[in-house]
Amino acid sequence: MVALVGLIGAAECTRLGNHGHHHWRAGGGWPEWAAAAGAAGRRAHTASLKDFGAVGDGTTSNTHAFAAAIAHLSRLAADGGAMLVVPPGKWLTGPFNLTSKFTLFLHRDAEILASQDLNEWPVIDPLPSYGRGRDSAGGRYSNFIMGTNLTDVVITGDNGTINGQGRFWWDKFRNNQLKYTRGYLLEIMYSDRVLISNITFKDSPSWNVHPVYSSNIVVSNVTILAPFDSANTDGIDPDSCSHVLIEDCFIVSGDDCIAIKSGWDEYGIAFNMPTQHVNIRRLTCISPFSATIALGSEMSGGIQDVRAENITAINTESGVRIKTAVGRGGFVKDIFVRGMTLNTMKYVFWMSGNYGQHPDDKYDPNAIPVVRNIRYSNVVAENVTIAGHLEGIPGAPFTGICLSNVTIDVAHSKKKLKWNCTEIEGVASAVTPTPCALLRDQGTGAAPCPFPADSFTY
């Protein structure tokens with residue numbers, strides 16, 4: 001880090017030698033490209049935001065400085081790429097775009113502040129797999145930090161902060177004062193090889209980290225913070241993405257800590273890009289009104305092969321939540337969760353085939369989602385209101401559900417319904433309290449629910 005800080009004052013981009021590395025900790029199982037990107041010296045050039053006239057006083061607009069810096073550094077992609085260092089200070093700016101073969105590095109005392117001037121937020125097209133904005137029909141305000149059709153992008157630092165100043169947006173949203181859908185704090189679209197690590201995201205206008213139509217995504221050692229009453233501040237939302245690793249993240253949210261998505265009703269069906277091969281490990285979540293990990297409700301392109309291990313949640317509404325509805329189509333299948341420690345929850349397991357609104361009245365009522373092969377094992381939960389709410393679709397039950405080695409302390413259990421199950425099929429072994437009859441008891445000697453032994457190929 002000392003070597004990197006010494007480069008910040010350079011007036012021009014300078015070429016780095018091999019001494020320019022900072023202290024990346026590559027997690028076990030990282031794909032090779034991500035481990036390589038972890039070294040700051042992999043970028044041949046570096047520059048400071050100050051080199052482009054930026055002022056870090058929290059009030060001066062740096063919109064033009066960010067744009068000029070990234071435009072300049074983008075020309076170096078063919079010569080080893082470039083890094084933009086955001087030094088200590090509070091750097092107010094409007095939305096900006098990233099570029100390929102590029103690293104955005106935030107000093108530990110750096111904070112990028114999102115502008116609260118609506119004139120700095122252009123309106124962009126809705127996502128094609130959604131057909132309209134998520135908040136309202138029509139387009140959407142720009143995302144704060146964006147990247148489209150990129151390769152090899154790193155957003156990192158020494159735990160600096162990207163602050164969306166979201167209260168401005170939440171209040172306007174609740175008072176119906178916004179004409180378009182709120183943008184997200186970070187959206188990476190149609191991109192490959194994206195590494196996000198050692199950063200704090202704070203007070204997003206809506207969703208925080210939204211990779212969409214992209215592949216080979218690593219989100220590691222990220223902190224996401226939003227008040228419990230903030231509107232739709234999902235933590236990390238992989239959406240029609242493949243090969244995603246999320247590890248060692250701490251999320252406090254007004255919505256789902258992680259929500260896996262793949263498009264909305266007829267638009268998602270037509271776009272037909274599933275989210276698949278997702279690995280989540282060592283996640284800590286606090287979200288009193290939402291889920292630790294959600295699948296859906298926008299899942300019309302399909303969700304498959306999701307693996308989650310070593311998950312901790314405190315004061316959160318549900319452990320794992322599957323959300324879908326008639327008209328969604330698509331599928332949620334081959335979901336594996338092993339090792340959850342939960343405390344003060346409304347639900348541990350929650351599934352619904354009757355969830356969520358539709359983008360318009362053109363959805364297909366015959367588009368019935370398929371939910372199957374959902375496996376949960378090694379779960380301990382204390383101070384829980386209801387062990388499980390499992391509600392499939394009449395005529396299209398959720399099948400292949402497996403629960404094993406699950407211990408749930410239902411508070412005031414003598415007075416409360418412990419399980420609520422309809423239109424599901426599955427098995428259970430070594431589950432306390434005794435699950436509903438639709439989960440056939442296999443006995444304590446039964447084999448545990450399967451969890452894949454293979455690793456993803458990135």
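The values are calculated or read from the model by the stated rules, or taken from the named source; none is laboratory data. Worth saying up front: this structure is predicted, and the values here are computed from it rather than measured. Neighbour counts run over all protein chains shown; Cβ positions are idealised from the backbone, glycine included. Keep in mind that these areas ignore ligands, DNA and RNA; they rest on the heavy atoms of the full protein, side chains included. Shrake-Rupley method; radii C 1.70, N 1.55, O 1.52, S 1.80 Å.
Counting only protein heavy atoms and using a 1.4 Å probe, what share of the accessible area of the chain belongs to carbon plus sulfur, as a whole percent?
49
For a label point 7 Å from the Cα of A453 along Cα→C-beta, name the residues of segment 330-374 whose backbone N is under 18 Å from it.
336-338
Placing one identical point scatterer on every Cα of segment 111-259 and ignoring solvent, what is log10 I(q)/I(0) from the Debye formula at q = 0.09, 0.12, 0.21 Å⁻¹?
With no solvent term, the Cα-only Debye profile gives -0.24, -0.44, -1.44.
Could you tell me whether segment 105-170 comes out rounded, prolate or oblate from its Cα gyration tensor? Rule is a ≥ b ≥ c as square roots of the eigenvalues, rounded for a/c under 1.5, then prolate if a/b exceeds b/c, otherwise oblate. Each step should come with its number before you reach the end.
Details: a/c = 2.73, a/b = 1.46, b/c = 1.87.
In terms of gyration-tensor shape, oblate.
If you line up the long axis of helix 63-74 against the longest principal axis of the chain, both from Cα atoms, how many degrees apart are they, to the nearest 10?
Helix 63-74 and the main axis of the chain meet at about 90 degrees.
Assuming 0.36 nm per residue, please report the length gained on full extension of the stretch A411 to R440 beyond their Cα-Cα distance. Show your work: numbers first, answer last.
On the way: separation 29, 0.36 × 29 = 10.44 nm, distance 2.41 nm.
Contour length minus Cα-Cα distance gives 8.0 nm.
Cross-link list K172/K261; K261/K416; K179/K323; K90/K172; K346/K418: which exceed 22 angstrom alpha carbon to alpha carbon?
From K172/K261; K261/K416; K179/K323; K90/K172; K346/K418, over 22 Å: K172/K261; K261/K416; K179/K323; K90/K172.
Return the distance in nm (one decimal) between the two label points of a simple spin-label model at A396 and D79, each offset 7 Å from Cα along Cα→Cβ.
My value for the distance between the label points is 5.6 nm.
How much accessible area per residue does segment 152-268 have, counting only protein heavy atoms and a probe of 1.4 Å, in square angstrom?
In whole numbers, segment 152-268 has 23 Å² accessible per residue.
Quick one: of the DSSP bridges fully inside the chain, what percent are antiparallel, nearest 5?
Around 5 percent antiparallel, to the nearest 5.
Using a 7 Å offset from the Cα along the Cα-to-Cβ direction at both R174 and D57, what is the distance between the two label points in nm, to one decimal?
3.3
Per DSSP H run of at least 4 residues, take -39500 (n - 2.57); add these up for the chain, divide by its residues and hand me the 222 nm value, nearest 500 deg cm²/dmol.
On the way: 5 runs with 37 residues, N = 458.
Estimated from H runs of four or more residues: -2000 deg cm²/dmol.
Taking 0.36 nm per residue of sequence separation and subtracting the Cα-Cα distance, how much length would be gained by fully extending the chain between K346 and V370, in nm to one decimal? Before the final figure, lay out the partial values.
Numbers: separation 24, 0.36 × 24 = 8.64 nm, distance 2.57 nm.
Contour length minus the Cα-Cα distance gives 6.1 nm.
Over the chain, what is the mean sequence separation of C-alpha contacts under 8 Å (at least six apart), divided by residue count, expressed as relative contact order in percent? Please list the in-between numbers first.
Working: 1420 pairs, mean separation 35.3, N = 458.
Relative CO of the chain lands at 8 percent.
Projected area of segment 216-319, taken from the Cα convex hull and averaged over every viewing direction, in nm²?
Numbers: hull surface 23.3 nm².
Its Cα hull, projected and averaged over all orientations, spans 5.8 nm².
Please give the charge dipole size of segment 194-256, origin at the Cα centre, charges +1 on K and R Cβ atoms and -1 on D and E Cβ atoms. Round to the nearest 20 debye.
Charge dipole of segment 194-256: 200 debye, to the nearest 20.
Quick one: if you stick a label point 7 Å off each Cα along the C-beta vector at N272 and A137, how many nm between them?
It works out to 2.8 nm between the two label points.
State the extension gain, in nm to one decimal, for the chain segment bounded by E382 and D117, taking 0.36 nm per residue of separation less the distance between their alpha-carbons. Write out the running numbers ahead of the final one.
Numbers: separation 265, 0.36 × 265 = 95.40 nm, distance 4.51 nm.
Extending this stretch completely gives an extra 90.9 nm.
Rg/Rh for the chain: what does it come to with C-alpha atoms and Rh from Kirkwood?
Reported Rg/Rh (Cα atoms, Kirkwood Rh): 0.99.
Under 18 Å from a point 7 Å along the Cα-to-Cβ line of R167: which residues of segment 248-283 have their amide N that close?
Under cut-off, by backbone N: 253-254.
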